[in-house]
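Heads up, the thing below is written out as structure tokens.
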Amino acid sequence: MIAWALSPPEKEKTTRSMAQSNISVFKQFTGEQIGHVRLKPKDETETDKERNPLLCRACGNEVTDSEHSSVVNGRHEHSFVNPAGIAYRIGCFADVWGCIVHGIPTQEFTWFAGFTWCFCSCASCFTQLGWYYQSGQGEFFGLILDNLTRKARTH
């Protein structure tokens with residue numbers, strides 16, 4: 001399996017030049033760098049009324065459900081600033097589907113002591129949705145809350 005995603009230096013360069021060329025520069029990830037792509041089929045017993053799905057804000061792909069929210073270091077929601085000075089508000093989730101986990105796990109600049117992380121992107125449009133964290137203590141997804149939206153209910 002191969003996935004494509006903007007690498008950070010290329011993303012900045014591409015954002016500046018996209019208006020001129022309308023061409024994006026993507027980095028190729030090999031199967032060894034991709035953790036998994038997960039898709040969750042809707043359970044036949046579930047109804048839209050019972051579910052509270054969270055969707056990718058960019059394309060509407062279903063990512064997870066509110067019932068999979070989890071608590072890490074005493075909270076579900078955390079705010080962090082990365083080394084480039086970009087602030088993120090993330091929510092922790094035990095289970096996520098409709099995402100690609102990619103990159104080589106690293107502890108560099110981790111926001112959760114003892115956990116390695118790699119990127120988590122939408123499986124449909126490749127927008128970065130957050131990070132996948134793992135350690136001997138367990139695993140979870142830290143999703144960028146501003147990149148998610150709730151499914152609009154129609155009654």
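Looking at residue 44, is it modelled with pLDDT under 95, more than 21 Å from residue 149 (Cβ to Cβ) and surrounded by fewer than 17 Cβ atoms within 10 Å (Cβ to Cβ)? Considered against the rule, which asks whether it is modelled with pLDDT under 95, more than 21 Å from residue 149 (Cβ to Cβ) and surrounded by fewer than 17 Cβ atoms within 10 Å (Cβ to Cβ), residue 44 comes out as yes.
Taking first residues from region 60-80 that are over 19 Å from residue 112 (Cα atoms) and assigned to a strand (DSSP E or B) and partners that are modelled with pLDDT under 95 and polar (S, T, N, Q), the Cβ contacts under 8 Å between residues at least 6 apart in sequence or on separate chains come to 65/52.
Counting only residues that are loosely packed, with under 13 Cβ neighbours inside 10 Å and either at pLDDT 95 or above or not in a strand (DSSP E or B) (or both), region 144-155 holds 5 of them. Looking at region 111-155, which of its residues are of a type in the set (Ser, Thr, Tyr) and in contact with a Lys or Arg (Cβ under 9 Å, 6 or more places away or on another chain)? 127, 149, listed by residue number.
Within this structure, residue 22 passes the test of being polar (S, T, N, Q) and modelled with pLDDT under 50.
The values are calculated or read from the model by the stated rules, or taken from the named source; none is laboratory data. On a predicted model such as this, the values are computed, not experimentally measured, just so you know. When we count neighbours, we look across all protein chains shown, and the Cβ atoms used for this are built from the backbone with ideal geometry, even at glycine.
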